[in-house]
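Below: the structure, in structure tokens.
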Amino acid sequence: MSLHPSSSSSLLFFLLFFFLNPFFSSSQKILSSFNSKSPPWNPTQNQILLSPNSTFAAGFLQSSQNSFNFSIWYYKIPVKTIVWSANPNSPLNSSATLFISSSGELKLTPSTSSSAPNLWPSIIRNTSSVLFLQEDGSLVYGNWNSFLNPTDTYLPTQNITGTNLTSANGKFQFDGSNSNTLFFNGNDSYFTFSQNALQRLEETGEVTQVNGKFVSSDFGEKGKLRRMKLDEDGNMRIYSFDLSSSLAKNWTIVWQAVNQLCTIHGTCGTNSICLYDTSTTQTSCVCPPGFRKDTSKSCVRKIPLMTKDSKASKYLPLDFVSFTGVGNQTDLKALSFSSCEKNCSDKNDCLGFLFKYDGTGYCVLVLEKLLYGYWSPGTEFVMYLRVDSRENDISNFIGMTSLMETSCPVRISLPFPPEESKTTTRNIVIISTIFAAELISGVFFFWAFLKKYIKYRDMARTFGLEVMPAIGPKRFSFSEIKNATNDFTDKIGRGGFGDVYKGKLSDGRVVAVKCLKNVKGGDAEFWAEVTIIARMHHLNLVRLWGFCAEKGRRILVYEYVPNGSLGEFLFQKSLIQSPDGQKPILDWNIRYRIALGVARAIAYLHEECLEWVLHCDIKPENILLGDDFCPKVSDFGLAKLKKKEEMMTMSRFRGTPGYVAPEWTKADPITPKADVYSFGLVLLEIVSGTRNFEHHNSKVESDQWFFPAWAFDKVFKDMNVDDILDPQIKQSYDSRAHFDLVNRMVKTAMWCIQDRPDARPSMGKVAKMLEGTVEIIEPKKPTIFFLSEE
């Protein structure tokens, strides 16, 4: 008898597995099934139930001394990972027993006594069934399946719909039956998947939903185990283990539901404020002013609050702090800050109020308890904490600006001459002395002014930034910037005018520091950029937190956008991979949201500002992505201001080759339509996932290659939109779900890149075209502008 090659290799693998597996013992008994004829099973028998390919094992696991759980775990990997337990809340001792009664009931009891309770998740009877473990990790007995009663983990192919999870510590729950929401202590919701309910985790790392899907960062990679777990910190994550790597020893996080961990309820205790460090992804709990530590996570007042007398209390401002406790807030429409404060002072149970300085009258009273506090600049409001008037603590949560006093009253008086001094000579001497003193003083101060001209000029320009908003940029000293960036050691990129470094301010905020070089025109462009960005307030624009102008140095301090630029996600094939691996692939819905957000930001610059602002360098590298992939347009170093009634011309070329409009190379005036042209090229790159100047498979010579024209022929002549889609997510394109989004983006892009500026729509209309609020007629075919004139 001869063995087939595949059979011999399987036998060899089994023998190696038998002798080398650290969990396999010569005295351990391996079961393929368990039935009514099998002897009762207790923890001391050292036996396990294996799945057909030995991926999973089931049996009694010791959780602590003389404490056992009947569980399912991964068997092939070195780290023992439990995915299900029959009795997670009722540990058993060594006298516990698993058996099938004569009536066919599967029973897990703490002892052999006939009156002992059955701890199996549900009462099931089937006289003809056996208990066995399937290769997908499900434990089956008759019509009962462990996939229908999960504990804290979902496995691939396991249906999520209709089931619930509970974290190992029992504090957090996931409701997959109705609301698709994460809860703290059963009824306190802090995260929901909205209307797009989860359905199933696939073996490829893809999660299907009712109205779409999303993918983990290792989507499609073969040879990996995956699982979705509700962790003890309240976050739901997808873990991956690489079977193909002999060096793999731990699971890797490839997706998580909540990026800002401080928004998970219960992370910190009552009266405490949660801080999230984006560089270490760790949280910490601190006490607000007027409070001291009670436990490791909670705080108590130093001086009890006397709320019956409004004059016996005062308010301390906590910038960017929010207390989001459920059921203890009252939303109001306040006419002013004073009325919001009065509403809180009139209530005995009011512990503070939230106020936003945006003119909308946003006012929220925090009542009874201070729960789930956290600090984040994304809140955009100030928490005014009510404390006793005798409290001496000052706020340790300061904003980005402080009040600048630009005038100082000086009182100058001259002594009256003695009444007896009436002679003309004495009067002349006094007047001459005063005149000489004033002349000498004037010469001295004028000399000092000339000596320190640069300092006075910088100060005058700082004070001349018109009326700065309450949350305008802060002026930093160079030593503060140097300390924040650790002497400029962490370089994260290069902008249009200089290098960009990552830093951390003294209050814990992570920032991006841009050092400008070769600023021409006597600092005019630097001051223009500071003035422009200080006035810009839009969800899709990068916020300027501060600046430095000291001894010829010109530095801007921006908010740090952690996910990097759009170009890093779209053009990953040409990038050097980071140690953490590739960026996640953006799905169609996220790409559409990014395109719409950028369009709204540019429309805001063109049409909604008091002054007309041109960006002049729209490209994927100047579009940054936040934690939730919210786009933020950056780098206004090339922007210029101009009156709306006038036309703008530029004396030199500006922008990045490959994204500039035709009018830059001609003597034509530059209008907002130049930004529209650049945005159209970026929009095509979002759809195709490739640079617009990269040559695709085409018979056209490279010197006459024009990507928009090629894309127009594929979509409107060949009627084959698949040819221009990003190959990284082409397989996820569903004509029913995505056709409308992609069709609107392609048509809008074609209108944006018309050769003549008057044929292009305004950015306001571009945003409406993407939103689908206006009808888009079929565009004309775009042409190469230097060929179209021939």
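Values computed for the structure shown
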quantity: Verdict on Gln173 being assigned by TED's automatic domain parsing to the domain that holds Leu243, outside any loop (DSSP other than H, G, I, E, B) and closer than 24 Å to Thr267 by Cα; calculated: yes
quantity: Extreme residue, nearest to Leu261 (Cα to Cα), among residues of the stretch 315-353 that are surrounded by 19 or more Cβ atoms within 10 Å (Cβ to Cβ), touching a Ser or Thr at 6+ places or on another chain (Cβ under 7 Å) and not polar (S, T, N, Q); calculated: Phe320
quantity: Any chance Pro117 is without any contact (Cβ under 8 Å) to a residue 60 or more places away in the chain and either closer than 24 Å to Thr204 by Cα or assigned by TED's automatic domain parsing to the domain that holds Arg226 (or both); calculated: yes
quantity: Residues being crowded, with 19+ Cβ neighbours inside 10 Å and either within 17 Å of Val366 (Cα to Cα) or hydrophobic (A, V, I, L, M, F, W, C) (or both) - total across the stretch 276-313; calculated: 7
quantity: Residues of the stretch 130-169 that turn out to be among the small types (Gly, Ala, Ser), over 15 Å from Leu108 (Cβ atoms) and either touching a residue at least 60 places away in the same chain (Cβ under 8 Å) or not assigned by TED's automatic domain parsing to the domain that holds Tyr74 (or both), as a count; calculated: 3
quantity: Residues that are exposed (fewer than 13 other Cβ atoms within 10 Å of the Cβ) and either of a type in the set (A, V, I, L, M, F, W, C) or outside the structural domain of Val598 (by TED's automatic domain parsing) (or both), drawn from the stretch 713-738; calculated: Met719
quantity: Options Ser246, Ser217; residue that is polar (S, T, N, Q) and free of Cβ contacts under 8 Å to residues at least 24 places away in the same chain; calculated: Ser246
quantity: Verdict on Met459 being assigned to a loop (DSSP other than H, G, I, E, B), modelled with pLDDT under 90 and either not assigned by TED's automatic domain parsing to the domain that holds Asn540 or not charged (D, E, K, R) (or both); calculated: no
quantity: Cβ pairs under 7 Å, 6+ apart, first in the stretch 617-629 and outside any loop (DSSP other than H, G, I, E, B), second among the β-branched types (Val, Ile, Thr); calculated: Pro620/Val682; Asn622/Val633; Ile623/Val598; Ile623/Val633; Leu624/Val542; Leu624/Val561; Leu625/Val561
quantity: Members of the stretch 354-391 found to be closer than 21 Å to Asn259 by Cα, of a type in the set (A, V, I, L, M, F, W, C) and part of a loop (DSSP other than H, G, I, E, B), listed by number; calculated: Leu371, Phe381
quantity: Selection status of Phe174, buried (at least 17 other Cβ atoms within 10 Å of the Cβ) and either within 21 Å of the chain's Cα centre (by Cα) or more than 13 Å from Leu230 (Cα to Cα) (or both); calculated: no
quantity: Selection count where residues are of a type in the set (S, T, N, Q), over 48 Å from the mean Cα position of the chain (by Cα), crowded, with 16+ Cβ neighbours inside 10 Å and part of a loop (DSSP other than H, G, I, E, B), scope the stretch 96-146; calculated: 2
quantity: Ile481 vs. criteria buried (at least 19 other Cβ atoms within 10 Å of the Cβ), within 30 Å of Thr283 (Cβ to Cβ) and either charged (D, E, K, R) or at pLDDT below 75 (or both); calculated: no
quantity: Some residue of the stretch 247-257 being of a type in the set (Lys, Arg), at pLDDT 90 or above and either at negative phi or part of a strand (DSSP E or B) (or both); calculated: no
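Listed here are the residues, each with its yes/no results for (1) part of a strand (DSSP E or B); (2) within 21 Å of Lys171 (Cβ to Cβ).
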site	(1), (2)
Gly266	no, yes
Asn271	no, yes
Thr283	yes, yes
Leu316	yes, no
Ser322	yes, no
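The values are calculated or read from the model by the stated rules, or taken from the named source; none is laboratory data. Note that the structure is a prediction, hence the values are computed from the model and not measured. Here the Cβ is made from the backbone with ideal geometry for all residues, glycine too, and neighbour counts use every protein chain on show.
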